[in-house]
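What follows is a short report on a single structure.
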Amino acid sequence: MKTGAIGSIVLAVAVSVGTALVFAQSPQSPPQQGGGGRGRGGGSPTPEPPGFTRIKVVSSVDQSEQDAIVIVPQSGDPSTPRPLAVFLHAWSVDYTQRQPVVEAEAERRGWLVVIPNFRGPFNNPNSCGGPTAQQDVLDAIAYVKQHYRVDDKRVYALGLSGGGFMTMLMVGKYPQVWAAGSEYAGISDLAAWYTDEHPTDRYADNMRTCLGGAPTDSAAVMAKYKAVSPLTYLKPDLGVPLDLNAGRNDTIVSLQHSVRAFLALAPGALSDAETRDLKPSLPAPTLPTLRIEPLTGRQIYLRREVGNVRLTLYEAGHEWFPTAAFAWLEQFKKQ
């Protein structure tokens with residue numbers, strides 16, 4: 001298990017194989033490719049694996065019953081405490097969002113998986129990373145610990161997009177819970193995401209519904225945006241290993257969100273010159289190939305590690321690589 005500093009590395013990688021799960025670049029529909037199962041909204045459901053259980057978790061906020069899924073691995077010794085992967089669903093879906101690669105990677109390692117609902121799609125005041133949604137995630141973890149044998153030193157958060165946002169938020173605000181986190185294409189600053197990227201579309205509608213208006217409406221509304229933005233909580237002394245990933249061609253969440261999160265954790269670790277040429281509107285940078293990374297299948301324009309924090313910028317869109325996420329997470333154990 002990693003416990004100390006790793007050092008600082010920049011590299012470019014060209015690869016041709018790997019496993020990715022993709023969200024289409026249209027804000028109207030986020031289907032997964034590569035055989036990914038879908039949540040509510042259509043498509044043929046992925047068959048439920050052995051050990052797949054739908055549960056009801058009583059909310060410690062309002063005593064309502066909240067949906068979640070637990071997946072118990074068929075491999076390994078059930079009498080031995082197991083690591084727990086907390087998969088956090090994306091912005092426009094709910095806990096029924098299936099991720100077959102996540103399930104397969106957890107099964108291969110003998111890990112438990114919990115998929116909390118945290119009030120469903122980000123379109124209501126109790127969702128969008130608010131206090132009730134945060135507590136739902138914590139309540140789901142507590143439920144699994146009560147009913148299954150969990151290795152308390154190996155609880156991990158991971159997710160894409162809205163799930164990446166929740167990964168950063170939960171790790172930043174509740175560092176005592178986590179051994180490590182891995183986020184892909186997550187939003188680190190909701191106000192900037194609204195103003196700079198989605199001022200007029202359905203994501204803007206969602207944020208206004210969740211947070212009571214646009215961030216420019218008033219100081220009080222802006223304070224609500226800041227209260228649920230990961231950048232408010234990500235500090236250099238966080239102490240939790242965090243894997244930050246973004247695609248250069250992502251038109252839903254710009255790579256600047258992962259970059260800014262990284263710089264909040266590791267100030268001064270990047271120069272402006274290292275990221276300014278990675279915008280989708282510019283030609284792809286020409287960089288030498290330093291090594292082959294077999295887990296992702298994409299060219300990597302920038303990878304930087306400082307201590308236990310890593311940033312990777314891919315030639316990719318709004319997508320993620322769960323196999324690489326698990327490979328990162330399994331290195332770490334809470335001390």
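What follows is calculated from the coordinates using simple rules that are stated; it is not laboratory data. Everything numeric here is computed off the predicted structure, so don't read it as measured data. For neighbour counting, all protein chains shown are included, and Cβ atoms are generated from backbone atoms with ideal geometry for every residue, glycine included.
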task: For every other residue with a beta carbon closer than 12 angstrom to the beta carbon of T132, add +1 if it is Lys or Arg and -1 if Asp or Glu, then tell me the sum.
output: -2
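Net charge near K153, counting Lys/Arg +1 and Asp/Glu -1 over other residues with Cβ under 10 Å of its Cβ? List each step's numbers first, then the result.
Details: positive: R154, K333, K334; negative: D151, D152.
My count for the surroundings of K153 gives +1.
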field: Residues T209, T323, sorted so that the one with the fewest Cβ neighbours within 10 Å comes first
entry: T209, T323
From phi via Karplus (6.51, -1.76, 1.60), per-residue ³J(HN,Hα) for segment 128-133 in Hz, x at Gly/Pro: 6, x, x, x, 5, 4
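Going by C-beta contacts inside 10 Å, put V228, V57 in order with the fewest on the left. The partial results should precede the final answer.
Numbers: V228 24, V57 21.
By the 10 Å Cβ count, ascending, the order reads V57, V228.
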message: Per residue of segment 235-242, what does 6.51 cos²θ - 1.76 cosθ + 1.60 with θ = phi - 60° give for ³J(HN,Hα)? Whole Hz please, x for Gly and Pro, Karplus curve as stated.
response: 10, x, 9, 3, x, 10, x, 9
message: Per residue of segment 202-214, what does 6.51 cos²θ - 1.76 cosθ + 1.60 with θ = phi - 60° give for ³J(HN,Hα)? Whole Hz please, x for Gly and Pro, Karplus curve as stated.
response: 5, 5, 4, 4, 4, 5, 5, 5, 5, 10, x, x, 7
- request: Taking the Cβ of V61 as the centre, find all other residues whose Cβ is under 9 Å away and add up their charges (Lys, Arg: +1; Asp, Glu: -1).
  value: -3
- prompt: Once a ≥ b ≥ c are taken as the square roots of the eigenvalues of the Cα gyration tensor of segment 94-201, is the result rounded (a/c under 1.5), prolate (a/b larger than b/c) or oblate (a/b not larger than b/c)?
  reply: prolate
- request: Show the residues, 5+ positions off or on another chain, whose built amide H is closer than 5 Å to the amide H of Q66.
  value: V57, V58, S59
- request: Collect residues whose amide H, placed 1.01 Å from N in the peptide plane, falls under 5 Å from the amide H of F332; neighbours closer than 5 in sequence don't count.
  value: K2
Amide H partners (placed H, <5 Å) of V309, local residues excluded: L242
